[in-house]
Amino acid sequence: MSMPRHNTRRPRPKLPEHGDWRVHVDKPHETEHLLNPPLDVWRRLHLRVEYLQSVPLSALRYGYVDPADEWQPVHGWKRAIRLAIGLCGLLPLSIVMVFTLMVQLYHAAPVVGNVGFWLSEPVWFTMLGGLVFMVLKGFRLADPVLVWLYVLGHELTHALAALLCFARVEAVKVDLDGGYVDTDADNLFIALSPYFVPLWMLVWLGVLFGVNFIAPFQAYQPWFYAGFGFWWCFHLYWTTWMIPREQPDLLENGVVISTMIIMLMNIGVLLVVLRGFGVLSFSGYLQDFVYCARQIYVSFLDLGWLLFG
């Protein structure tokens, strides 16, 4: 959903006939009477979202910049270096981290298998919040709102990452067609931050922690956990939905290295979440990480010896 960081715009690609909030129909006049006036705007938003999700993003996105300023996928020696880093460095690291997480969850089996753990207030209400999101998304009860919130969060994350890198943010564009951030700098962190920073979850936690600082809200802790689960699922769903759709955030930096970084960072966020629930410890994870790295290294040496020895 991010755009090249330029101000120059060009006309957007033409939408299908009567595509101004509606999907294409062969005889649009026959459906006009089906739009109930009080629900007209909401219905049009729903149809617009369905249209945007049913066509290739390449037909919709990036109608904002001049062709001369279009982003270019990484190529040449830069692509070769990033591909080597992704395959030889980040891929083995991600494999070790995933195996270590599996070992940690195996060690935590007495905790995870405890009925009291699943019925505890933090876990129960976190799962309930995630279920609310899945119901809303599965039945498309609030698609226009969810899509707009995702685009807004995506572009705001780009902008905040740019500010953290001491770059200047000149413009932010957000609508259901997508959005862009106009900055005077770009790097991997700015480009990929929306895919591993759950902005709305952080906003939710920040607001509730602020409220708790002013007036303790112990009686409202279920809302805290439910919101946490809702926004965590929100982040995971849209991240997995966007990555396969040839986003320029990934293409302009190399798909392999970008995907590996996103995976590693999301595993890191997951570790923090599991630590918050008391499922694992960072010290134990580090010990198991060293153990798994050694075992995988020895296994590869043995495999190489069998194949080439």
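The values are calculated or read from the model by the stated rules, or taken from the named source; none is laboratory data. From a predicted model like this one, the values you see are computed outputs, not experimental measurements. Cβ placement follows ideal geometry from the backbone for every residue including glycine, while neighbour counts extend to all protein chains displayed.
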Just for region 218-242: of the residues that are over 21 Å from L119 (Cα atoms) and free of Cβ contacts under 8 Å to residues at least 40 places away in the same chain, which one is surrounded by the most Cβ atoms within 10 Å (Cβ to Cβ)?
-> H235
The number of residues in region 159-184 that are on the phi > 0 side of the Ramachandran plot, at pLDDT below 85 and loosely packed, with under 14 Cβ neighbours inside 10 Å is 0
Here are L156, L128: which of them is modelled with pLDDT of 85 or more and crowded, with 17+ Cβ neighbours inside 10 Å?
-> L156
Please work out which one of (1) of a type outside the set (S, T, Y); (2) within 30 Å of V181 (Cβ to Cβ); (3) assigned to a helix (DSSP H, G or I) is the condition Q287 fails and give its number.
-> (2)
Yes/no for L188 being of a type in the set (A, V, I, L, M), more than 24 Å from G278 (Cα to Cα) and modelled with pLDDT of 90 or more = no
Looking at region 140-148, is at least one residue assigned to a loop (DSSP other than H, G, I, E, B), touching an Asp or Glu at 6+ places or on another chain (Cβ under 9 Å) and buried (at least 18 other Cβ atoms within 10 Å of the Cβ)?
-> no
List pairs: first in region 257-281 and in contact (Cβ under 8 Å) with a residue 24 or more places away in the chain, second among the basic types (K, R) and surrounded by 16 or more Cβ atoms within 10 Å (Cβ to Cβ), Cβ under 7 Å, 6+ apart or cross-chain?
-> I257/R82
Just give me the residues in region 189-199 being closer than 22 Å to A171 by Cβ and of a type outside the set (S, T, N, Q), in sequence order.
-> F189, I190, A191, L192, P194, Y195, V197, L199
